[in-house]
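In what follows, a single structure is set out as structure tokens and then discussed.
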Amino acid sequence: MKEVEKNLRFEQMTQLIQSISAYIEHYHGGSAELISFEENVVKVKLGGACLGCPLSTSTLNGWVQGTIHQFFPEVLVEAAD
């Protein structure tokens, strides 16, 4: 993949995670932060009200991953430490 394409994909992913985070913050008091996006793996860190919440795994695997897969179906979503 060319460098220009990588930069465009990174910018698109950044904007997508920011949109997801705004939704989570507005409705649940949590947040989502893009930690890294290399090849086809994105690492996302949940924060705010999501910290320690028993449903944070569902938020990551449901809302975050589901939304990302709508735009990037080939990307694997992982929780960042």
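Structure values in brief
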item	result
Qualifying positions in the stretch 9-22 - farther than 12 Å from PHE37 by Cα and open to solvent by 90 Å² or more (accessible area, probe 1.4 Å)	GLN15, GLN18
Members of the stretch 54-74 found to be surrounded by fewer than 17 Cβ atoms within 10 Å (Cβ to Cβ) and touching a residue at least 40 places away in the same chain (Cβ under 8 Å), listed by number	PHE71
Residue list for the stretch 26-37, restricted to those being under 13 Å from the mean Cα position of the chain (by Cα) and surrounded by fewer than 16 Cβ atoms within 10 Å (Cβ to Cβ)	GLU33, ILE35, SER36
Counted residues, the stretch 41-53 - those being more than 10 Å from the chain's Cα centre (by Cα) and either modelled with pLDDT of 95 or more or open to solvent by less than 30 Å² (accessible area, probe 1.4 Å) (or both)	5
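The values are calculated or read from the model by the stated rules, or taken from the named source; none is laboratory data. This one's a predicted model, so the numbers in the text were calculated from it and none came from an experiment. Note: ideal-geometry Cβ built from the backbone for every residue, glycine included; neighbour counts use all protein chains shown. Ligands, DNA and RNA are excluded from the accessible area calculation, which covers all protein heavy atoms including side chains. Shrake-Rupley method; radii C 1.70, N 1.55, O 1.52, S 1.80 Å.
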